[in-house]
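The values are calculated or read from the model by the stated rules, or taken from the named source; none is laboratory data. This structure is a prediction, so every number in the text was calculated from the model and none was measured. When we count neighbours, we look across all protein chains shown, and the Cβ atoms used for this are built from the backbone with ideal geometry, even at glycine. Quick note on the areas: whole protein, heavy atoms, side chains included, nothing else; ligands and nucleic acids left out. Shrake-Rupley method; radii C 1.70, N 1.55, O 1.52, S 1.80 Å.
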Amino acid sequence: MKKQFLVTLFVVLTCLVKAQSPVYLFSYFIGNGADGLHLAYSLDGLKWEPLNQGKPFLEPTVGKDKLMRDPSICQGPDGTFHLVWTTGWWDKIIGYASSKDLMHWTEQKAIPVMVDEPEAKNAWAPELFYDKATKEYYIIWATTIPGRHKEVLTSDSEKGLNHRMYSVTTKDFKRFSKTKLFFDPEFSVIDAAIIQQANREYMMVLKNENSNPPEKNIRITTTKSLAKGFPTTVSKPITGDYWAEGPAPLQVGEYIYVYFDKYRDHKYGAVRSKDGVNWEDVSDLVSFPKGIRHGTAFTVNQSVLSNLLKVN
């Protein structure tokens, strides 16, 4: 009897450990973002498979264009998943919804991040980050306000677009701080995302968006305090001789991966690093669902994935 009890206990504990073991999800959009939120999963950070047979989990309802581009998901300490996204090309709002299981979502609402700036052109690619030190969420995004910052040379197709990163903070997604300038490296910058490293330093990956001459590459900067901000002197490009955007950082074992959209080549790529300094291009090692566009990579428990895999 005692032996049987120990065997049963071992099986139960094994199942519990497995249910809590980390796996990885990727939020993304396809096309122009009109059909909504898509999710993919991976067990190793390399091979990514679509969930829900590639169908969307949430259709957009807010904004002029009612799009859901650049979906960023962050899980809070209470287990709630928070989602923000780009609602349209020239909106001054960003979209927001939350979920306990990534399948059933609250009513979507607009966060009016740039409505107090009459000249603001847009609010692009918002990213979420939960700071354990201050127990608050940061939402950062890119906006162009003509004449506000140091001008950069632009191409004909991007004439007048000169982005900087802005932010708000919140503890409950009901009350938000005032919008403020978050990062100004004196070049056009978009698609910034934050990850906290094992050494507790914060790393921000971002796209140099300068178009004349074109940069279109991914760079990084680090800080020990979000409140003090990130140094505006950034690294050399960590991506190669191709145009890249939408960087999504993710800790996988001893590596930090940064996934990104090789948007001219219509495929996804990745680089990885153990120390945040030396980067290895592993684009040939990763595979993603067809048509995947800019999103966010994040870690969840196995139980979350198990429930998602039941969706047909």
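Quick notes on this one:
- Solvent-accessible surface of segment 150-219, averaged per residue with a 1.4 angstrom probe and all protein chains in place: 47 square angstrom.
- Relative contact order for the chain: 16 percent, from Cα pairs under 8 Å spaced at least 6 residues apart, divided by residue count.
- Rg(Cα) / (2.2 N^0.38 Å) computed for the chain, rounded to two decimals: 1.01
- Computed from point charges on the beta carbon alone (+1 for Lys and Arg, -1 for Asp and Glu), the dipole magnitude for the chain about its Cα centre is near 880 Debye.
- For GluC sites (Glu not before Pro), the sites in segment 114-154 that DSSP calls loop and that have at most 14 other Cβ atoms within 10 Å are 119, 151.
- Computed log₁₀ I(q)/I(0) - Debye formula, equal Cα scatterers, no solvent, segment 204-277, q 0.11, 0.12, 0.28 Å⁻¹: -0.28, -0.34, -1.35
- Within the accessible area of segment 23-309, the carbon and sulfur atoms contribute 49%, probe 1.4 Å, all protein chains present.
- Our summary gives segment 72-122 a relative contact order of 29 percent, counting only alpha carbon pairs under 8 angstrom and 6 or more residues apart.
- Sequence ranges 95-101, 22-28, 295-301, ranked by mean other-Cβ count within 10 angstrom, highest first: 22-28, 295-301, 95-101
- Label-to-label distance, nm, for residues given as residue 307 and residue 134 (7 Å Cα→Cβ offset): 3.0
- Shape category assigned to segment 132-274 from the gyration tensor of Cα positions, a/c cut at 1.5: oblate
- The accessible area of residue 124, taken with all protein chains in place and a 1.4 Å probe, comes to roughly 40 Å².
- Applying the criteria of a DSSP loop state and at most 15 other Cβ atoms within 10 Å to the trypsin sites (Lys or Arg not before Pro) of segment 115-223 yields 132, 135, 148, 150, 159, 171, 174, 175, 178, 200.
- Ellipticity estimate at 222 nm from DSSP helix runs (n ≥ 4, -39,500 (n - 2.57)) divided over the chain, nearest 500: -2500 deg cm²/dmol
- From the alpha carbon centroid of segment 60-82 to that of segment 267-281 is 27 Å.
- Nitroxide proxy distance, nm - points 7 Å out along Cα→Cβ at residue 275 and residue 46: 2.4
- Nearest-ten-degree value, helix 2-20 long axis tilted from longest Cα axis of the chain: 10
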